[in-house]
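> This is the structure, below, for whatever I ask next.
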Amino acid sequence: MFDSTMATEQQVNAICRLGYDQLRKSGCIRRYLSNEATKSLMNRLVTSRLSYCNVPLHCIHNNLIDKVQRVQNTAACYTMRTSHRNHITPVLMELYWLPICYWIQYNILVQKYDSLNDHSPLYIDNMLFVYRHSRTFISQNSFTLITSRIRTTCGKRCINHAPPSL
């Protein structure tokens with residue numbers, strides 16, 4: 001039997017392992033890089049790993065989100081050469097990085113926007129359904145997405161259920 005919690009935990013562990021691995025590999029050249037070059041390197045290596053396929057991480061346990069957030073915090077401290085004991089929020093703001101929980105929501109909403117404006121692939125367009133009013137209302141021009149019935153616990157994280165819930 002497939003356990004979605006176990007699969008999600010394995011995905012989070014893989015993301016964290018690859019993120020820390022990239023940080024270790026780039027650690028030996030950090031002293032030779034300028035701050036701008038380090039920001040570019042971190043955006044290409046670490047944050048791209050954190051943002052790749054993170055839509056299934058929507059609505060997971062906070063302890064798993066915190067694992068991924070620690071990787072981002074470590075990358076931010078590494079990029080700005082700050083101590084890990086300092087408060088991380090100003091560092092993230094200076095880098096213009098969203099916390100992971102908001103980054104996941106942002107990615108979902110961007111996919112929703114692209115789908116509604118016909119900029120997404122056809123398979124995503126086929127998953128999102130816009131409710132059309134049968135009568136004339138003031139709000140008839142608003143986009144309301146229809147949510148399908150959920151039968152499993154991992155259904156809340158599915159791409160066709162996550163955008164309407166945000």
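What follows draws every value from the coordinates through simple rules; no lab data is involved. Everything quoted here is computed from the prediction, not taken from an experiment. Heads up, the Cβs are rebuilt from the backbone with ideal geometry, glycines too, and the neighbour counts pull from every protein chain shown.
> To the nearest 20 Debye, how big is the dipole of the stretch 38-120 about its Cα centre, given +1 on the beta carbon of each Lys and Arg and -1 on that of each Asp and Glu?
Details: 8 positive and 4 negative charges, 78 e Å.
In total the dipole reaches around 380 debye.
> Which whole number of Å³ per residue matches the convex hull of the alpha-carbon atoms in the stretch 4-101?
Expressed per residue, the convex hull around the Cα atoms of the stretch 4-101 is 91 Å³.
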